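Chemist: Structure in structure tokens, see below.
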Protein chains: 2
Amino acid sequence: MNSRRANSQPPHSKRPKSRPHHLNTEQLTELGQQLRVDSVRVADAAGSGHPTSSMSAADLMAALLANHLHYDFDRPDHPGNDRLIFSKGHASPLLYSMYLAAGAVDEKEFLTYRTLGSRLEGHPTPRLPWVDVATGSLGQGLPVGVGMALAGQRLGHTPYHVWVLSGDSEMAEGSVWEAIEHAGDQHLDSLTLVIDVNRLGQRGPTRHQRDLDAYGRRLRAFDWHTIEIDGHDLDAVDAAFNEARSTFRKPTAIIAGTRKGRGVASVEDREGMHGKPLPDAESAIEELGGRRSIRVSVAKPAEPETHPRTAGRRGTIALPHYDVGDSVATRDAYGRALAALGTAREDVVVLDGEVSDSTRSEFFAKEHPERFFECYIAEQQMIAAAVGMQALGHVPYASTFAAFLTRAHDFLRMASVSRASINVVGSHAGVSIGQDGPSQMGLEDLAMFRAIHGSTVLHPCDANQTARLVAAMHELPGVCYLRTLRGATPVVYGPDERFPVGGSKVLRRSDADRVTLIGAGVTVHECLKAADLLAGEGFPVRVVDLYSVKPVDERTLQAAADETGCLVTVEDHHPQGGIGDAVAEVFSDGRPAPKRLVRLAVGNMPGSATPAEQLRAAGIDADSIAAGLRLLVEQTLR
Amino acid sequence: MNSRRANSQPPHSKRPKSRPHHLNTEQLTELGQQLRVDSVRVADAAGSGHPTSSMSAADLMAALLANHLHYDFDRPDHPGNDRLIFSKGHASPLLYSMYLAAGAVDEKEFLTYRTLGSRLEGHPTPRLPWVDVATGSLGQGLPVGVGMALAGQRLGHTPYHVWVLSGDSEMAEGSVWEAIEHAGDQHLDSLTLVIDVNRLGQRGPTRHQRDLDAYGRRLRAFDWHTIEIDGHDLDAVDAAFNEARSTFRKPTAIIAGTRKGRGVASVEDREGMHGKPLPDAESAIEELGGRRSIRVSVAKPAEPETHPRTAGRRGTIALPHYDVGDSVATRDAYGRALAALGTAREDVVVLDGEVSDSTRSEFFAKEHPERFFECYIAEQQMIAAAVGMQALGHVPYASTFAAFLTRAHDFLRMASVSRASINVVGSHAGVSIGQDGPSQMGLEDLAMFRAIHGSTVLHPCDANQTARLVAAMHELPGVCYLRTLRGATPVVYGPDERFPVGGSKVLRRSDADRVTLIGAGVTVHECLKAADLLAGEGFPVRVVDLYSVKPVDERTLQAAADETGCLVTVEDHHPQGGIGDAVAEVFSDGRPAPKRLVRLAVGNMPGSATPAEQLRAAGIDADSIAAGLRLLVEQTLR
């Protein structure tokens, strides 16, 4: 074993768990072979899968399972359970072989791998109670693990260890380095990264092939403790896990040189063998010494349960109130509501991407610093940490500019596969931010969040509405998005008004309405001004505040279509995927279509200008709306 | 100067440009002050902007502009021009002050900063001819610079140097580390990263504050040459640029300790001064020694022009042909067409994210290895490199799984702000991939690409169509997306059929059609099967292949609505933002709506199953479509 810069010290705050070794080297070797045989078997039965990627890590996982993991498979919700994340999710045959060895799944279920309805999917998902987060998009396991280790370190959990199994290929993902930086900086000694350096990626050799030190010296530069070993030397593997568990004030990376397809000569260390069953499974199993039936008694968490900060709920949330007619930015209202929510709900944690002074999550940070996590400018890490924390019972709110949430799109997508409940808040939406220009404008965010499976998309227009929705998000499942504005907008709702998710508000209405304007956020106010202008001309217009973009208020929109004939959506967003599409969707399922459906949106590429000029240039300010409606009425309604 | 691991050697393939120094230390100091004064002035005039972030880097940029940059401002298209990327795009006052000093913009235009219609936007964009790519989303400049340096190294350009000015905060972005890894691995000695370590991010201190070595040791671990200096010591700065230009086989990072707001005591090194004009600009300018009018004669590229591989166009593209009735995966057709295109068009470059055996870009790689760029599993770097290469006249095709393109969403968004023309190809679209499960399925990609400003979105269903579209993409401006399938689909078009962008194909048609089925990709074949089933029942159904999702064929869809009354979209994508929304959009601008508009899409969360089972589970296979249509006809049409 090549151990460098070891930093083992007598544990102080850290309490490494210890127990007698269950299996000796010989027994571990046998278990490793069993995991290989079972990986080969299960992929062969399925006719697809990644047995060779499983075989390289089998010895590593044998030692972990038998001698180091603390996990109660009967109580996956035990707060003291270690966390095991297969970042190389394609090695699911190995993970499921471990579950088989641990007795968590039986042979019958094991063989349902990759079949319709099975919990044993091609890549692990939380349909299995022992899987906290879905993997399969590489480079996500470590960032999620960082979130879990941070929660363990700062939020009063029963001590647990976080183990992440990573491939070598995925070390090329920037998200991994965001996580490495964060973990080193935060001294996350409860986190161990196991890198299965099997030299071969999907299409051929990795960049660093067998150069373990290429990984090692990078990780050490980020203040990690590293252990470079032969991943098939079970003494070394076992010792490395011990060293990782006893390393103090540093996360540890076990950098293990392995061979893809280890143990079967016809595939071992060969290119072109990725992601397919072995050509001859029967002889491969024979070469591996045949089937075994070792059952591992996995150690349970030794610690008594400590309740993390997710239990205490202190009654009513004292949301700030705003007076109708005041001018308040919804981002301000977000920050203040969040601080109030944090007081009433101990499970709330807040993350930000180094812009808390802009998103206003700083209001929470000042009141509840112990539950605020600065993620710096690393949006992928921010969302991943939120996903990790929600898996442990916390309710995360993660915020940055709406535009920069696109940086974390793949993590949001995977959050939905993880069945994660996270709240995401994007500020500085749309052209209304003004002079900073298009790079800072969220103009694709509604499209991105609407297309996330099971998501909720909210876009309030005033401070009281924002406060209520921030509180409502606390109870919502799935990926929930709130879009806030940079500039101040008038308060139009009283503090007692309610805003059900899936609802809308009709702000102007008469029986004579001939058009309905539908806006959200800043455009609600432009629609109101336009309606007032037109009302003065004897042209009554309905105005709907579509604060809930997904789910959308089908009933109100249908009524507006029936009663006014013509619907005009107005959004500070690109024409695709936002409010216009959300409204059109209502009439795409057999509902009688409105006489006309018109959408106003940001169709041009903005530059710099004042907020008012931007809205005008995009044709979504009150004057443009009014002019458009006059024309519409000329053309079709008279 | 603390220079470590210097690797200066007599240049061989690298030809560092040399010239007599234009300005001595004293003159550089004056120029630095001028750039500060002008940055303060212009932000003050605009009433917004980031003067303090400009002031920290002013000395660095003074030395670069006067003594090291080779650039012909009259000929921004000169292939030998150095490339200067302000990754910290918010320091635009500094960049524009440099342009003023170089005589590229005059005082009058200078003072239009951040006003409506001005080219001098809050963050730089290519509306200015000297700006290759837009910045403002942090962490993008270096990855783009890597693409430019790669092109310079491998594609036969006149030698140029790529200079990237980065902030210290943005070093937290994973994309930066993808780029650092790539640049070190590829020995990009024509690339210099200048890190303006001014200690303060937007909301407060950075993670590493003044610890230059924190950056240095990380970069050295990635095989960079590093130079740590006081960024206000102009001798050291000047020497560092010389050292960077003469360093051989390694990229160089100049890690410069600076002070935000340098030179004005009331703001220098103070928190809370980010992104706002100075409180008292007049006295600040006085403190900086008042206005100056130094004009810098920037050295022009010394080298004669060499034409890179963008000129030769060798006539007809010999696209592969496929026989109707054969079964071919569109990803295969993509790879083969790309290889043929590469033979006929020397400007084509191809990038892939370590899955070229799956995307099939390997066919190109085998035939044109010199123009194939392996980006490993680093999708942000892949798209950024494509953006950098297109700025130099190349036509990039970048491919990975459709699902993993979400990783690069922010880079795609910024590509549109950059007015970049890049072709992006996502394979393994939808549930039809089968057993691998949801993490691998592109189900949000159409929504993402449709919402990108100025984008084109194509989704072919057969091999000949794919080939034609791959060739057509070569000529298209903007971000152009092609979505391909994992599984084989029948060839339904002859090799001579044409597929205009913005068109569609009517595959089944009669005057008696009572419904129109609209599909793309795999669902075209399911629609055809459903139509054939129903035709056998005396229920004639029209089928439209909507291969061009954006722009969409309004005329054909309108005609189908007029003639058949009912449109049913069928897509292997989430219900939001894809084909259903694209079709609905046609009827959102005053066109008479169809009697009914129904959308079939993937509304559930898939698991593992065979492709056929997946299509069935999502309700988008032929039987489900036919069943739905029978019901529809029962309910409303009879």
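The values are calculated or read from the model by the stated rules, or taken from the named source; none is laboratory data. Treat the numbers as computed from the prediction; the structure is a model and nothing was measured. Cβ atoms come from the backbone with ideal geometry, glycine included; neighbour counts cover every protein chain shown.
Chemist: Six or more apart or on different chains, Cβ atoms under 6 Å: show the pairs whose first residue is in the range A:105-131 and within 13 Å of another protein chain (Cβ to nearest Cβ) and whose second is of a type in the set (Asp, Glu).
Modeler: A:LEU116/B:GLU613; A:GLY122/B:ASP436
Chemist: So B:SER361 clears everything in (1) among the polar types (S, T, N, Q); (2) surrounded by 23 or more Cβ atoms within 10 Å (Cβ to Cβ); (3) over 23 Å from the mean Cα position of the chain (by Cα) except one condition, right? Which one?
Modeler: (3)
Chemist: Take the conditions among the small types (Gly, Ala, Ser), out of contact with any helix residue (DSSP H, G or I) (no Cβ under 7 Å at 6 or more places or on another chain) and buried (at least 24 other Cβ atoms within 10 Å of the Cβ) and apply them to B:GLY503. Does it pass?
Modeler: Spelling it out, it is not the case that B:GLY503 is among the small types (Gly, Ala, Ser), out of contact with any helix residue (DSSP H, G or I) (no Cβ under 7 Å at 6 or more places or on another chain) and buried (at least 24 other Cβ atoms within 10 Å of the Cβ).
Chemist: Suppose we keep only residues that are more than 7 Å from every other protein chain (Cβ to nearest Cβ) and under 14 Å from A:LEU557 (Cβ atoms) within the range A:588-609. Which one would you say is surrounded by the fewest Cβ atoms within 10 Å (Cβ to Cβ)?
Modeler: A:PRO592
Chemist: Moving on to the next point. Residue under question is B:ALA531, and the condition is that it be buried (at least 24 other Cβ atoms within 10 Å of the Cβ), more than 27 Å from A:ALA601 (Cα to Cα) and in the same structural domain as B:PHE411 (by TED's automatic domain parsing); does it hold?
Modeler: no
Chemist: Still on this structure, please answer the following. Of the conditions (1) assigned to a helix (DSSP H, G or I); (2) closer than 18 Å to B:ARG630 by Cβ, B:VAL543 fails just one. Which one is it?
Modeler: (1)
Chemist: If you don't mind, there's one more thing I want to ask. Filter the range B:88-113 for residues that are more than 24 Å from the chain's Cα centre (by Cα) and not in a helix (DSSP H, G or I) and give the result.
Modeler: Selection gives B:ALA102, B:GLY103, B:ALA104, B:VAL105, B:ASP106, B:LEU111, B:THR112, B:TYR113.
Chemist: Can you go through B:GLY257, B:GLY275, B:GLY289 and tell me which one is over 26 Å from B:THR206 (Cβ atoms), of a type in the set (Gly, Ala, Ser) and either under 31 Å from the mean Cα position of the chain (by Cα) or exposed (fewer than 15 other Cβ atoms within 10 Å of the Cβ) (or both)?
Modeler: So the residue among B:GLY257, B:GLY275, B:GLY289 that is over 26 Å from B:THR206 (Cβ atoms), of a type in the set (Gly, Ala, Ser) and either under 31 Å from the mean Cα position of the chain (by Cα) or exposed (fewer than 15 other Cβ atoms within 10 Å of the Cβ) (or both) is B:GLY289.
Chemist: All but one of (1) assigned to a helix (DSSP H, G or I); (2) more than 14 Å from chain A (Cβ to nearest Cβ) hold for B:GLU613, so report the exception by its number.
Modeler: Of (1) assigned to a helix (DSSP H, G or I); (2) more than 14 Å from chain A (Cβ to nearest Cβ), only one is false for B:GLU613: (2).
Chemist: Can I ask one more? Just name the residue that is farthest from B:GLY487 (Cα to Cα) out of those in the range B:361-397 that are touching a Lys or Arg at 6+ places or on another chain (Cβ under 8 Å) and within 11 Å of chain A (Cβ to nearest Cβ).
Modeler: Step by step, filter the range B:361-397, then rank; the result is B:GLN380.
Chemist: Filter the range B:565-586 down to residues that are over 29 Å from the mean Cα position of the chain (by Cα) and crowded, with 24+ Cβ neighbours inside 10 Å and give me whichever is farthest from the other protein chains (Cβ to nearest Cβ).
Modeler: Selected residue: B:VAL570.
Chemist: If you don't mind, there's one more thing I want to ask. Among the residues of the range A:457-482, which ones are surrounded by 24 or more Cβ atoms within 10 Å (Cβ to Cβ) and within 14 Å of chain B (Cβ to nearest Cβ)?
Modeler: Selection gives A:VAL457, A:VAL479, A:TYR481.
Chemist: Can you find a residue in the range B:380-399 that is surrounded by 24 or more Cβ atoms within 10 Å (Cβ to Cβ), hydroxyl-bearing (Ser, Thr, Tyr), within 16 Å of the chain's Cα centre (by Cα) and not assigned by TED's automatic domain parsing to the domain that holds B:ASP572?
Modeler: Yes, there is a match, as at least one residue in the range B:380-399 is surrounded by 24 or more Cβ atoms within 10 Å (Cβ to Cβ), hydroxyl-bearing (Ser, Thr, Tyr), within 16 Å of the chain's Cα centre (by Cα) and not assigned by TED's automatic domain parsing to the domain that holds B:ASP572.
Chemist: Could you list, in sequence order, all residues of the range B:398-450 that are at the interface with chain A (Cβ under 10 Å from one of its Cβ atoms), part of a loop (DSSP other than H, G, I, E, B) and closer than 22 Å to B:VAL144 by Cβ?
Modeler: B:SER418, B:ARG419
Chemist: Taking the condition closer than 30 Å to B:ARG220 by Cβ and part of a loop (DSSP other than H, G, I, E, B), does A:LYS276 pass?
Modeler: no
Chemist: Just to be sure, is A:THR316 assigned to a loop (DSSP other than H, G, I, E, B) and over 20 Å from the mean Cα position of the chain (by Cα)?
Modeler: When the stated conditions are applied, A:THR316 passes them.
Chemist: Which residues, taken from the range B:156-172, are surrounded by fewer than 24 Cβ atoms within 10 Å (Cβ to Cβ) and over 22 Å from the mean Cα position of the chain (by Cα)?
Modeler: Within the range B:156-172, B:GLY156, B:THR158, B:PRO159 qualify.
Chemist: Now a separate question. Output yes when any residue across the range B:580-598 is within 17 Å of B:LEU534 (Cα to Cα) and of a type outside the set (Gly, Ala, Ser), and no when none is.
Modeler: Checking the range B:580-598: not a single residue is within 17 Å of B:LEU534 (Cα to Cα) and of a type outside the set (Gly, Ala, Ser).
Chemist: Looking at A:ASP513, A:ASP572, A:ASP496, A:ASP532, which is the one that is modelled with pLDDT of 95 or more, in contact with a Pro (Cβ under 8 Å, 6 or more places away or on another chain), among the acidic types (Asp, Glu) and outside any strand (DSSP E or B)?
Modeler: So the residue among A:ASP513, A:ASP572, A:ASP496, A:ASP532 that is modelled with pLDDT of 95 or more, in contact with a Pro (Cβ under 8 Å, 6 or more places away or on another chain), among the acidic types (Asp, Glu) and outside any strand (DSSP E or B) is A:ASP513.
Chemist: Also: A:THR489 is checked against (1) part of a strand (DSSP E or B); (2) within 12 Å of another protein chain (Cβ to nearest Cβ); (3) polar (S, T, N, Q) and fails just one. What number does that condition carry?
Modeler: Among (1) part of a strand (DSSP E or B); (2) within 12 Å of another protein chain (Cβ to nearest Cβ); (3) polar (S, T, N, Q), the lone unmet condition for A:THR489 is (2).
Chemist: From B:SER97, B:SER48, which residue is surrounded by fewer than 24 Cβ atoms within 10 Å (Cβ to Cβ) and touching an Asp or Glu at 6+ places or on another chain (Cβ under 9 Å)?
Modeler: None of the other options fit; the residue is B:SER48.
Chemist: Can you work out which of the residues in the range A:132-158 that are in contact with a Pro (Cβ under 8 Å, 6 or more places away or on another chain), among the aliphatic types (A, V, I, L, M) and part of a loop (DSSP other than H, G, I, E, B) is farthest from the other protein chains (Cβ to nearest Cβ)?
Modeler: Per the stated criteria, the residue is A:LEU155.
Chemist: Can you spot a residue in the range B:346-356 that is assigned to a helix (DSSP H, G or I) and either at pLDDT 95 or above or in contact with a strand residue (DSSP E or B) (Cβ under 6 Å, 6 or more places away or on another chain) (or both)?
Modeler: yes
Chemist: Would you confirm, using the coordinates I've provided, whether B:ARG262 is touching a residue at least 12 places away in the same chain (Cβ under 8 Å), assigned to a loop (DSSP other than H, G, I, E, B) and under 12 Å from B:LEU60 (Cβ atoms)?
Modeler: Considered against the rule, which asks whether it is touching a residue at least 12 places away in the same chain (Cβ under 8 Å), assigned to a loop (DSSP other than H, G, I, E, B) and under 12 Å from B:LEU60 (Cβ atoms), B:ARG262 comes out as yes.
Chemist: Shifting gears a bit: Is one or more of the residues making up the range B:440-453 surrounded by fewer than 23 Cβ atoms within 10 Å (Cβ to Cβ), out of contact with any strand residue (DSSP E or B) (no Cβ under 8 Å at 6 or more places or on another chain) and assigned by TED's automatic domain parsing to the domain that holds B:PRO575?
Modeler: For the range B:440-453, residues surrounded by fewer than 23 Cβ atoms within 10 Å (Cβ to Cβ), out of contact with any strand residue (DSSP E or B) (no Cβ under 8 Å at 6 or more places or on another chain) and assigned by TED's automatic domain parsing to the domain that holds B:PRO575: absent.
Chemist: For the range B:118-125, check the following and say yes or no: at least one residue is outside the structural domain of B:ALA391 (by TED's automatic domain parsing), in a loop (DSSP other than H, G, I, E, B) and in contact with a His (Cβ under 8 Å, 6 or more places away or on another chain).
Modeler: yes
Chemist: Just give me the residues in the range B:616-629 being small (Gly, Ala, Ser) and either out of contact with any helix residue (DSSP H, G or I) (no Cβ under 7 Å at 6 or more places or on another chain) or in a helix (DSSP H, G or I) (or both), in sequence order.
Modeler: Passing the criteria: B:ALA617, B:GLY619, B:ALA622, B:SER624, B:ALA626, B:ALA627, B:GLY628.
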